[in-house]
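Have a look at the structure below before the remarks.
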Amino acid sequence: MRLFDVSDILRNTSYYLLGKQNVQFNFAEFPVVQFFFEHPDAHPAMKDLLTVTGLSSGALSQAVDSLISAELLERVQDEKDRRSHLIHATDLLRKVRKAPILHFEKMLDVMRRSTGMTAEEMKRIEELYVDLAKSRTGGELALIKQPSDLKVPGLVSHEWERETREHLSSLPVWILILHFTTNLKNPTMMYYYGKRGRMTLGKLRLMNCIFHLSNSRNEMPTVKDFASRFHVSSGAVSQTLNAIIQDGMVERVPLPPDHRLTGIRLTPQGLRMRRQCASSYTGFMQNFLSRIEPEKVAVFDRALDMTLQFLKTKEGKAFLMPGENSGPSC
């Protein structure tokens with residue numbers, strides 16, 4: 001779970017950095033942008049993006065159209081099939097991509113110096129992140145019995161996926177972290193939630209936030225908490241929340257002393273889902289780390305602790321978006 005905490009901090013800070021460049025992404029657009037951050041030279045068709053992002057056809061079409069309007073993507077006619085189009089990253093997206101990469105590379109340099117991590121240790125950590133990313137690219141999802149039920153990243157192999165598996169070591173570490181956690185956490189949550197109801201992108205993000213808040217706080221989060229973290233209106237949060245309540249995953253509970261204010265907590269069904277997801281994450285990491293040399297595992301474990309501790313220091317907080325200083329967000 002520490003790795004997911006780091007991933008959430010990186011993702012939210014990415015939103016902030018991109019927003020400073022006057023580039024705003026919604027939750028559905030970010031997986032598309034993340035894909036082109038990982039594969040800037042890829043030219044996927046829409047059906048390919050459906051597979052690797054896990055988005056619905058409608059959500060993907062809206063996301064791509066919006067990114068094309070923002071001149072970050074473009075449609076180019078497929079030379080092999082003149083009836084089809086491929087999606088390309090524009091020069092503007094490549095330019096936008098540089099800011100978070102440089103930001104996090106600088107953060108890693110400061111962290112290396114302040115924590116006393118050796119070059120050899122950093123090399124071992126980077127190798128482990130490459131191995132983790134490879135494990136989530138291609139093949140079946142670990143510990144999920146029926147992965148064919150979902151449109152999940154990695155279930156279909158394409159030429160650019162194979163090339164990426166061979167050249168993952170050239171990608172920045174923070175992109176590898178996002179790649180791994182996205183391709184493990186989201187499909188796992190979708191799978192277990194799907195046994196109860198349909199998991200939309202809005203539900204996915206809200207449930208992820210509920211998991212975090214219910215884990216890190218004693219008090220129950222409110223709609224206002226979610227609205228501030230999502231940077232959307234309380235009404236928009238309430239609409240998605242009502243759907244999750246109908247699915248039996250969460251419930252509203254009056255908060256004393258003013259019982260007109262309600263908090264949100266997981267129901268027994270929601271708690272079971274959380275335990276199942278946590279068990280899958282833990283099981284995957286245990287299986288993965290059992291095949292790694294013990295000294296590498298020790299370095300990896302130390303690196304996660306040092307990263308989270310570093311992000312609480314004055315030097316670390318300077319690299320985070322406003323509001324991240326108190327810990328992981330959603």
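The values are calculated or read from the model by the stated rules, or taken from the named source; none is laboratory data. Given the structure is predicted, the values throughout are model-derived calculations rather than measurements. No Cβ is skipped: glycine too gets one built from the backbone with ideal geometry, and neighbour counts run over all protein chains shown.
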So which of Ser66, Ser56 ends up being in the same structural domain as Leu178 (by TED's automatic domain parsing) and modelled with pLDDT of 80 or more?
-> Ser66
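Considering only region 116-128, I want to know if a residue exists there that is under 20 Å from Pro40 (Cα atoms) and in the same structural domain as Gln21 (by TED's automatic domain parsing).
no
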Got a sec? Which of Glu293, Glu315, Glu324 is under 30 Å from Asp109 (Cβ atoms) and at pLDDT 85 or above?
-> Glu315
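At least 2 residues that are of a type in the set (Asp, Glu) in each: list the helices (runs of 4 or more DSSP H) lying fully within region 1-107 that qualify.
2-20, 29-38
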Right, Arg112: over 13 Å from Phe37 (Cβ atoms) and loosely packed, with under 12 Cβ neighbours inside 10 Å or not?
-> no
Inside region 8-44, can you point out the residues that are among the aliphatic types (A, V, I, L, M) and under 13 Å from the mean Cα position of the chain (by Cα)?
-> Ile9, Leu10, Ala28, Val32, Val33
Evaluate the following for Pro256: is it at pLDDT below 85 and more than 21 Å from the chain's Cα centre (by Cα)?
-> yes
Selection from region 211-229 of residues modelled with pLDDT under 80, farther than 21 Å from Met321 by Cα and buried (at least 17 other Cβ atoms within 10 Å of the Cβ) yields Ser214, Met220
Is it the case that some residue within region 197-210 is of a type in the set (S, T, N, Q), in contact with a strand residue (DSSP E or B) (Cβ under 8 Å, 6 or more places away or on another chain) and modelled with pLDDT of 75 or more?
-> no
Screening Val237, Val232 for residues that are assigned to a loop (DSSP other than H, G, I, E, B), under 21 Å from the mean Cα position of the chain (by Cα), of a type outside the set (S, T, N, Q) and modelled with pLDDT under 85 leaves only Val232
Could you grab the pairs with beta carbons closer than 7 Å, sequence gap of 6+ or different chains, first residue in region 282-304 and of a type in the set (S, T, N, Q), second one surrounded by 12 or more Cβ atoms within 10 Å (Cβ to Cβ)?
-> Asn287/Ala142
Taking only region 5-43 into account, find how many residues are over 17 Å from Arg205 (Cβ atoms), in contact with a helix residue (DSSP H, G or I) (Cβ under 7 Å, 6 or more places away or on another chain) and not hydrophobic (A, V, I, L, M, F, W, C).
-> 4
Hey, does region 45-53 have a residue that's under 12 Å from the mean Cα position of the chain (by Cα), under 30 Å from Phe284 (Cα atoms) and crowded, with 21+ Cβ neighbours inside 10 Å?
-> yes
Where a residue in region 17-28 is over 10 Å from Leu67 (Cα atoms) and its partner, wherever it lies, is among the charged types (D, E, K, R), with Cβ under 8 Å and at least six apart = Phe27/Arg205
